[in-house]
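Single-structure report; data block below.
What follows is calculated from the coordinates using simple rules that are stated; it is not laboratory data. Computed from a predicted structure; not experimentally measured. We place every Cβ from the backbone using ideal geometry, glycine too, and count neighbours over all the protein chains shown.
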């Protein structure tokens, strides 16, 4: 990067630390041409807590009980990256008007994505939007159109695309190591938020008008980003989505309820997928589920005409089992690997941020562009549209092109998305 790019964070919740850590990793790898110029949150404390170690409000407590969850990243501050402090704002419109940033990293609740992104792009700013990209396909389409009209980079912060396991699975499948793709299994029932925990301590995730959908949108965006990249586009979806637990809770260490919220978004879905290449798939997910969890670990299972990939296991007919990651490391074109992991960086948040910065510098759209964000959303919403029609098949392209939006109509009307 030849130009100095000033980044402004809008929304300073629990995922902020993972993005700051990504920027810190880039800095440690020798990438210098960026800075964090501003932090904006409606709650000033939420912005100030990320400025400098030992100053300001205390860091947020860990949100996720899983140490590998990006929501568990803590203890990273802007002053770890640079000498000067960022400007602090409680009004994003004022931040945009003050001309203190060149690009926005948008980490707010999903309901604000389209309005904030449109306002930023109207001022000629580049925008990276945390997933899921938008509330509805209509909102996402307006964002993509605005980026084209304004000539700015628009991306979705889909870190799973940049993960080593995703790159390795796509490499193996596209190289034909397991033959032609035939069947896909992915997802599971039960996880750290089961059976009835408020997900990530953010009650808005369980409100249709604030989140667009429940597990379909929040987790489905990840699942479909990976499936589309590794396995190809999905033509048709038949699905059912349900709210199994209509009330969700936050509990303290003693098990006492400290917060509860009603839930009108799905916490469970089961979907049959028809891929454009002829493969068929079964995708399921649930934030509910009492008792023991059941999951297709490591990205699920891919079955081809001469073998399978199950997590990190590469199972080719008549050959010894191998580790997929090792095969990718040893056999993939070194230039291809270096392109995926420049300077040895493997942190997915660092890689998505670097791709966004490079796209700005090179006057292009990032790999995980706004258009890709829309394409990741379309099958998520196809699940909800299919379920709203009693489980009838829905063509994903019809949802993406806003020809099918019965489930989404209430959301669009509420927010005035036309």
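Across the Cα atoms of segment 30-83, what radius of gyration and what greatest pairwise Cα-Cα distance (Dmax) are found, in Å?
12.6, 35
Where both residues lie in the chain, what percent of DSSP beta bridges are antiparallel, nearest 5?
Numbers: 40 of 69 bridges.
Rounded to the nearest five, the antiparallel share is 60 percent.
Under 10 °C and 1.306 mPa s, how fast does segment 320-412 diffuse according to Stokes-Einstein, given a Kirkwood radius computed over C-alpha pairs? Answer in µm²/s, whole number.
Details: Rh = 16.5 Å.
The Stokes-Einstein estimate is 96 µm²/s.
If I take every Cα pair under 8 Å that is 6 or more residues apart in segment 164-336, average their sequence separation and divide by the length, what percent do I get for the relative contact order?
In percent, rounded to a whole number, it is 33.
Restricting to segment 124-276, what percent of DSSP beta bridges are antiparallel, rounded to 5?
Close to 70 percent.
Give me the compactness ratio for segment 191-339, meaning the Cα radius of gyration over 2.2 N^0.38 Å. Provide the component values of the computation, followed by the final result.
Numbers: Rg = 18.9 Å, N = 149, 2.2 N^0.38 = 14.7 Å.
Against the compact-globule rule of thumb, the ratio is 1.28.
In percent, what relative contact order does segment 45-152 have, based on Cα pairs under 8 Å that are 6 or more apart in sequence? Walk me through the numbers before you get to the answer.
Working: 117 pairs, mean separation 20.0, N = 108.
Normalised by residue count, the contact order of segment 45-152 is 19 percent.
Restricted to Cα positions, what overall size does the chain have along the principal axes? Three whole-Å values, descending.
59, 50, 50
Can you tell me the FRET efficiency between residue 253 and residue 290 if r is taken as the Cβ-Cβ distance and R0 is 25 Å, rounded to the nearest 0.05? If you can, show how the numbers build up before the last one.
Numbers: r = 21 Å, r/R0 = 0.82.
Given R0 = 25 Å and the Cβ-Cβ separation, E is 0.75.
Just to be sure I understand the curve: with the Debye formula and one point per C-alpha of segment 77-173, what is log10 I(q)/I(0) at q = 0.11, 0.25 Å⁻¹?
-0.41, -1.26
Going by C-beta contacts inside 10 Å, put 405, 52 in order with the fewest on the left.
Details: 405 17, 52 14.
Lowest to highest Cβ neighbour count: 52, 405.
Normalising by the residue count of the chain, find the relative contact order in percent from Cα pairs under 8 Å and 6+ residues apart.
20
Quick check on the chain: helices-only [θ] at 222 nm, where DSSP H runs of length 4 and up contribute -39,500 (n - 2.57) each and the sum goes over total residues. Nearest 500, please. Could you put the intermediate results ahead of the total?
On the way: 15 runs with 139 residues, N = 418.
It comes out at -9500 deg cm²/dmol, rounded to the nearest 500.
Please report, to one decimal in angstroms, the Kirkwood hydrodynamic radius of segment 1-129 built from all distinct Cα-Cα pairs. Working shown, then result.
Values: mean 1/r = 0.0674 Å⁻¹.
Value: 14.8 Å, from the Cα pair sum.
What does the highest-first list of 296-302, 206-212, 273-279 look like by mean Cβ count within 10 Å?
Values: 296-302: 18.4, 206-212: 21.9, 273-279: 16.4.
Put in order of decreasing packing, that is 206-212, 296-302, 273-279.
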